[in-house]
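Any read-out appearing in this document is the output of simple, stated calculations on the displayed coordinates, not a laboratory observation. Computed from a prediction, not measured in an experiment: that's the story for all the values here. Cβ: placed from backbone, ideal geometry, glycine included. Neighbour counts: every protein chain shown.
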Amino acid sequence: MGLGALVIEVVLPTYNGAAYLRQQIASIDQQTLRPQRLLLRDDGSSDGTTELLACLKREYGSWLELLPADGNLGCTANVNRLLEATKAAYVALADQDDVWLPHKLEASLALLQQLERSQGNKTPLLVHSDLELVDGEGASLGSTYLQRQRLDPLRTAPEHLVLTNVVTGCTMLLNRALLQKALPIPAEALMHDWWLALVASRIGEIALLPEPTVRYRQHGTNVLGAQGLGLSYWMQRLRNLFADPSAGGHTRAALRQAELFEQRYGQPLSALPVLLQLPRRRRWWALLNLSSEQRPSKHGPLRSLGLYGLLAWLPR
């Protein structure tokens with residue numbers, strides 16, 4: 001079957017994204033492998049996004065489909081609604097403020113099909129890439145997301161992904177088998193892309209494209225963005241910990257996500273949720289007795305040191 005006969009859809013959630021949305025949609029429309037449909041759903045914008053979407057709908061016609069904007073669901077639930085509305089064999093996720101490089105879909109599909117030839121199309125599969133960082137005007141910032149965050153994109157085994165996600169949603173291409181397995185995304189999942197990556201890692205496979213496929217715009221209203229690992233990052237983590245020591249912040253939420261995964265699929269991602277139920281002294285002994293493959297770690301010595309300090313600090 002040739003490329004032109006394949007069905008690829010792109011989903012794009014919007015929320016107060018009027019400033020950059022037109023450029024992003026144009027970059028999707030101008031792909032070397034143009035998707036058959038672009039699905040959008042607005043989550044209650046107040047900045048003119050809904051009016052812009054109505055205008056873009058008239059320009060692009062049936063290629064651009066708007067789902068009903070029936071209230072504010074939040075980011076993960078909005079993406080979940082869009083993914084459940086897709087019918088394609090392959091689905092890509094997009095953000096409202098980025099720009100796709102022209103080859104993004106074509107390169108992603110080629111790699112995904114290569115995986116399907118070896119693993120079968122019933123295997124949940126995910127392809128992703130790094131992102132080129134640009135400023136609000138689109139000028140390059142001279143680095144990529146993974147470089148700025150000091151993340152190793154090859155650490156996608158379940159025991160690594162459970163604590164640190166290296167798969168960015170707006171770079172993803174998914175096959176239908178992954179969507180059938182991963183949906184619906186739980187309301188308590190930390191982020192939709194993290195949940196999809198966990199399912200692909202534990203039940204299927206993840207592959208990385210060698211070059212960035214997205215120009216990732218950094219501006220004042222990014223939901224996450226590339227924050228880097230400077231002093232401000234570590235000070236914020238410490239402030240969060242001292243403000244509520246029992247909460248455990250991001251790590252506790254990630255482990256809750258792992259528990260949700262095990263409840264749904266009956267497969268553990270990490271030994272940590274069980275270890276945290278132990279008293280602190282027994283917890284440390286249990287950690288030391290884990291095999292090297294089971295022992296938790298993060299990307300780089302500072303992150304790993306912070307993790308072990310947190311594990312010593314957290315109450316059950």
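If you take all other residues with their beta carbon under 12 Å from the beta carbon of ASP95, and give Lys and Arg +1 and Asp and Glu -1, the sum is -1.
Once both labels are positioned 7 Å from their Cα atoms along Cα-to-Cβ, the gap between GLN267 and ARG58 label points is 5.0 nm. Applying D = kT/(6 pi eta Rh) to the stretch 1-121, where Rh is the Kirkwood radius over alpha-carbon pairs, T corresponds to 10 °C and eta to 1.306 mPa s, the Stokes-Einstein value obtained is 106 µm²/s. Extending 7 Å from the Cα toward the beta-carbon at both LEU154 and ARG280 defines two label points whose distance is 3.8 nm.
By the rule of a C-alpha distance below 29 Å, with chain neighbours fewer than 8 residues away ignored, the lysines paired with LYS87 are LYS57, LYS104, LYS122, LYS181.
The calculated FRET efficiency for GLU211 paired with ASN16, based on their beta-carbon distance and R0 = 41 Å, is about 0.85.
Within 10 Å, count the other beta carbons around each residue, average over each peptide in 198-211, 65-78, 161-174, 106-119, and list them highest first.
161-174, 198-211, 106-119, 65-78
Estimated at 0.36 nm per residue, the fully extended path between ASP47 and HIS250 surpasses their Cα-Cα distance by 70.0 nm. Annotation for the stretch 279-315 versus the stretch 132-205: alpha-carbon center distance of 24 Å. ARG34 sits among other residues whose Cβ lies under 12 Å from its own Cβ, and their net charge, with Lys and Arg +1 and Asp and Glu -1, is -1.
For PRO212, neighbours were defined as the other residues whose beta-carbon sits under 10 Å from its Cβ, and their charges (Lys and Arg +1, Asp and Glu -1) total -1.
Using only the C-alpha atoms, the convex hull of the chain corresponds to 140 Å³ per residue. Axis of helix 49-60 versus longest Cα principal axis of the chain: the two differ by about 50°, to the nearest ten degrees.
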